[in-house]
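Trainee: Please see the structure below; I have some questions.
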Amino acid sequence: MFDRLSRSWSLVKASASVLRSDKELLLFPVISGIATLLVAATFLLPLFGLGLLDGRGPGPGLYLLGFLFYLCQYFVIFFFNTALVGAAMIRLEGGDPTVADGLRIARERIGAILGYAAIAATVGLILRALEERAGFLGRIVVGIIGLAWTLTSFLVVPVLVSRKVGPIEALKESVGLLKRSWGENLAGNVGIGLAFGLITAVVAIVGIALVIASARIGGAPLAIPVIAIAVLAVAFIGVLQAALTGVYSAALYRYAVDGHAPAGFDEGALQAAFVRK
């Protein structure tokens, strides 16, 4: 177990070195975050205007709107994640990617991205419906199912970037790769999530303390800028996590395809990440 964590941490550090070389990769999660906020804001008006939040419980109209919301959100997220992974692939192959390169790759896969977004939206809506009807233990089960979905679909985007296949075939290949890279896939995702979760918690705690202190010292005029800085710090951590996860998935998939470690990645760590059958 500790060997797996050590290898995964080595791969995460190598992924971070890619980000240091290509800081423009951070732009993709930034644009994605702004776009998802705009999508969320766009759906608020119909929710209130159609009276779908009047407390009468979910009806067909709300489920339809929910599906459309999930579809739009996932499409935006997958589009810019595809752009990120595509640019990362260029770097891992020795190139010097630009933001335009990543966006071009995403545009070329737009049909498959939309199809995958529809699948993810369906799964997300089903899990949400089950969660609303389940008790405490049921919510735990739904959470486990959601985690399983996240793991099995982790390499879908690298597959879509590298091969001109549909979303179903990409999902099948991602599942197949998961069987070979289960340890590193799980440990890497958990490691990245845990590390950034702890960092976010520390930043949030420090931010709250600074906001309280600034409010006592200078009132609202001083507290508001401190709040803005704290929010930006948490957002930046989220951007780093998204970018690092994208590079990590690209490296795992790249090695699975050609069996050679990308520049900066440990050959032994990647070789141990896959069980050859």
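The values are calculated or read from the model by the stated rules, or taken from the named source; none is laboratory data. Because the structure is a prediction, the values reported are computed rather than measured. Reconstructed Cβ throughout: ideal geometry from the backbone, glycine too, with neighbour counts over all protein chains shown. Only protein heavy atoms, including side chains, enter the accessible area calculation; ligands, DNA and RNA are left aside. Shrake-Rupley method; radii C 1.70, N 1.55, O 1.52, S 1.80 Å.
Trainee: Just to be sure I understand, how many residues within region 70-101 are of a type in the set (G, A, S), within 16 Å of I31 (Cα to Cα) and not in a helix (DSSP H, G or I)? Spell out how you get there, then give the answer.
Mentor: So the first thing to find is which residues in region 70-101 are of a type in the set (G, A, S), and the list is 83, 86-88, 94-95, 100.
When the remaining residues are screened for being within 16 Å of I31 (Cα to Cα), the result is 83, 86-87, 100.
Next, from what is left, pick out any that are not in a helix (DSSP H, G or I): none.
Selection size over region 70-101: 0.
Trainee: Sticking with this structure for a sec: Starting from region 123-148, keep only residues that are closer than 20 Å to L68 by Cα, then list their pairs with residues that are open to solvent by 90 Å² or more (accessible area, probe 1.4 Å) whose Cβ atoms are within a distance under 9 Å, requiring at least 6 positions of separation or different chains.
Mentor: Pairs that qualify, where the first residue is closer than 20 Å to L68 by Cα and the partner is open to solvent by 90 Å² or more (accessible area, probe 1.4 Å), are L130/R139; E131/R139.
Trainee: Considering only residues that are of a type in the set (G, A, S) and over 14 Å from V159 (Cβ atoms), look in region 222-250 and name the one that is modelled with the lowest pLDDT. Talk me through it step by step, then tell me what you get.
Mentor: So the first thing to find is which residues in region 222-250 are of a type in the set (G, A, S), and the list is 223, 228, 230, 233, 235, 238, 242-243, 246, 249-250.
Narrowing the set further to residues that are over 14 Å from V159 (Cβ atoms) leaves 223, 228, 230, 233, 235, 238, 242-243.
Working: A223: 79, A228: 86, A230: 84, A233: 86, A235: 86, G238: 85, A242: 86, A243: 88.
Filtering region 222-250 for residues that are of a type in the set (G, A, S) and over 14 Å from V159 (Cβ atoms), the one modelled with the lowest pLDDT comes out as A223.
Trainee: A follow-up question, please. For residues in region 127-158 being among the β-branched types (V, I, T) and closer than 20 Å to A250 by Cα, which is most open to solvent (accessible area, probe 1.4 Å)? Step through it out loud before you land on a result.
Mentor: If we filter region 127-158 for residues that are among the β-branched types (V, I, T), which is where we start, we get 140-142, 144-145, 150, 152, 156-157.
Narrowing further to those that are closer than 20 Å to A250 by Cα: 150, 152, 156-157.
On the way: T150: 74, T152: 33, V156: 0, V157: 9 Å².
Within region 127-158, the match that is most open to solvent (accessible area, probe 1.4 Å) is T150.
Trainee: Specify the residue that is modelled with the highest pLDDT; the eligible residues are those in region 62-100 that are hydroxyl-bearing (S, T, Y) and surrounded by fewer than 17 Cβ atoms within 10 Å (Cβ to Cβ).
Mentor: Just the residues of region 62-100 that are hydroxyl-bearing (S, T, Y), to begin with: 63, 70, 74, 82, 98.
If we keep only those that are surrounded by fewer than 17 Cβ atoms within 10 Å (Cβ to Cβ) as well, we get 63, 98.
Details: Y63: 72, T98: 89.
Out of the qualifying residues, it is T98.
Trainee: Here is a further query. Among (1) part of a helix (DSSP H, G or I); (2) surrounded by fewer than 23 Cβ atoms within 10 Å (Cβ to Cβ); (3) touching an Asp or Glu at 6+ places or on another chain (Cβ under 8 Å), which single condition is V165 missing?
Mentor: (1) is the only condition that V165 fails.
Trainee: Further question: Could you list, ordered by first residue, the pairs with Cβ atoms under 7 Å in which the first is in region 95-116 and more than 9 Å from F79 (Cβ to Cβ) and touching a residue at least 24 places away in the same chain (Cβ under 8 Å) and the second is open to solvent by 20 Å² or more (accessible area, probe 1.4 Å) and not hydrophobic (A, V, I, L, M, F, W, C), at least 6 apart or interchain?
Mentor: P97/R91; T98/E24; V99/E24; A112/G166; A112/P167; G115/G166; G115/P167; Y116/P167
Trainee: I need the full set of residues from region 216-261 which are open to solvent by less than 50 Å² (accessible area, probe 1.4 Å) and not in a helix (DSSP H, G or I), in order please.
Mentor: The answer is G219, G259, A261.
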